[in-house]
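Participant: Quick one: structure below, then a few questions.
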Amino acid sequence: MNGRSAERLEQLREQLRQRGALPLAEAARLCRVSEMTIRRDLAASNGAIVSFGGHLVMADNPQFAAAYNFSAQQDRYAQAKQRLCDAALAMVEEGDTLFIDCGTTLMPLCTRLPREMTVTIVTYALNVANVLSQRDMPNMRLVVLGGLYYSASQSFGGQDVTAAIRRLGINKAFISAAGVDAEKGASCFHFHEVAPKQAAIEHAQRRILVADESKLDVMRAAFFADLVDFDHILISGAPGRAWLEKGIDAPASRVTVV
């Protein structure tokens with residue numbers, strides 16, 4: 001982060017401490033830069049300031065906190081998640097370095113990787129690391145990114161996580177979301193997940209969003225990407241087909257319904 005970016009972020013923090021939220025356009029005018037520059041500044045803030053519904057907020061603002069019960073999510077839409085991960089597995093190639101996101105959606109992918117496959121897995125999710133560490137895959141390398149542990153999502157966060165992602169050569173990033181809205185993009189429950197997701201999206205050669213039908217037409221508190229930021233979107237079920245047919249902010253050729 002350069003000095004000017006740090007100065008703008010401090011200016012925005014002061015405004016947010018006073019006001020709670022600040023429209024993105026107003027933040028750009030206040031700092032005398034473009035909205036794109038403000039977005040870059042947010043990415044450099046490591047998740048401390050985030051964009052939500054066109055407004056900037058502090059990530060620790062309790063007004064935007066959302067409940068997420070990890071255990072309760074494990075069995076929800078289990079069959080849909082299995083189909084989605086079968087489709088995701090078809091995209092994996094020998095020798096790939098994969099980023100596997102946190103949550104429960106991508107867990108079946110961890111169990112379906114062929115035993116003899118040569119693959120490197122990068123994750124900041126403890127549940128992903130636990131499953132893979134117990135598999136007998138002699139040609140797998142597992143890279144677990146550590147930092148401050150968040151039990152609610154069984155994942156790690158902080159500057160060390162995002163810095164490590166930026167240093168790695170990731171072929172494919174499989175990204176999960178708690179909300180996928182046609183206009184508002186992809187979002188999640190927890191603000192500490194934003195920076196790792198965005199770093200993986202920025203640095204991976206190919207970015208794949210994976211979401212079951214319960215996530216469609218839903219917006220959660222922590223926005224992390226527009227739909228056009230993904231090279232492919234995997235969704236499931238009849239709701240997925242209906243969602244695709246009504247038109248979304250991404251080329252239809254990039255969307256697969258399973």
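The values are calculated or read from the model by the stated rules, or taken from the named source; none is laboratory data. Remember, predicted model here, so these are calculated numbers, not experimental data. Note: ideal-geometry Cβ built from the backbone for every residue, glycine included; neighbour counts use all protein chains shown.
Participant: Would you say Val128 is in the same structural domain as Val210 (by TED's automatic domain parsing), at pLDDT 90 or above and surrounded by 20 or more Cβ atoms within 10 Å (Cβ to Cβ)?
Facilitator: When the stated conditions are applied, Val128 passes them.
Participant: While we're here: Considering segment 110-122 alone, what residues qualify as being touching a strand residue (DSSP E or B) at 6+ places or on another chain (Cβ under 8 Å) and either of a type outside the set (S, T, N, Q) or within 21 Å of Arg83 (Cα to Cα) (or both)?
Facilitator: Cys110, Leu113, Met117, Val119, Ile121, Val122
Participant: While we're looking at this one, here's another question. Is it the case that Gly169 is under 14 Å from the mean Cα position of the chain (by Cα), in the same structural domain as Lys197 (by TED's automatic domain parsing) and either surrounded by 22 or more Cβ atoms within 10 Å (Cβ to Cβ) or on the phi < 0 side of the Ramachandran plot (or both)?
Facilitator: Taking the combined requirement at face value, the residue does not satisfy it.
Participant: Residue check, Tyr149 against (1) out of contact with any helix residue (DSSP H, G or I) (no Cβ under 6 Å at 6 or more places or on another chain); (2) closer than 17 Å to Glu94 by Cβ, all met but one. Which one?
Facilitator: (2)
Participant: Right, Val194: surrounded by 24 or more Cβ atoms within 10 Å (Cβ to Cβ) and not in a loop (DSSP other than H, G, I, E, B) or not?
Facilitator: yes
Participant: Sticking with this one: So, in segment 149-190, how many residues would count as being acidic (Asp, Glu) and touching a strand residue (DSSP E or B) at 6+ places or on another chain (Cβ under 8 Å)?
Facilitator: 1
Participant: Another question, if that's okay. Looking only at residues in segment 214-234 that are touching a residue at least 40 places away in the same chain (Cβ under 8 Å), touching a Phe, Trp or Tyr at 6+ places or on another chain (Cβ under 7 Å) and not in a loop (DSSP other than H, G, I, E, B), which one is surrounded by the fewest Cβ atoms within 10 Å (Cβ to Cβ)?
Facilitator: Once the filter is applied, the top-ranked residue is Ser214.
Participant: Still on this structure, I have one more. Hey, can you tell me all the residues within segment 9-53 that are more than 24 Å from Ile201 (Cα to Cα), of a type outside the set (A, V, I, L, M, F, W, C) and in a helix (DSSP H, G or I)?
Facilitator: Selection gives Glu10, Gln11, Arg13, Glu14, Gln15, Arg17, Gln18, Arg19, Glu26, Arg29.
Participant: Hey, Thr37 hits all of (1) surrounded by fewer than 18 Cβ atoms within 10 Å (Cβ to Cβ); (2) within 30 Å of Val128 (Cα to Cα); (3) at pLDDT 65 or above but one; which does it fall short on?
Facilitator: Exception for Thr37: condition (2).
Participant: Any residue that is acidic (Asp, Glu) and within 17 Å of Glu213 (Cβ to Cβ) - is there at least one of those in segment 86-94?
Facilitator: yes
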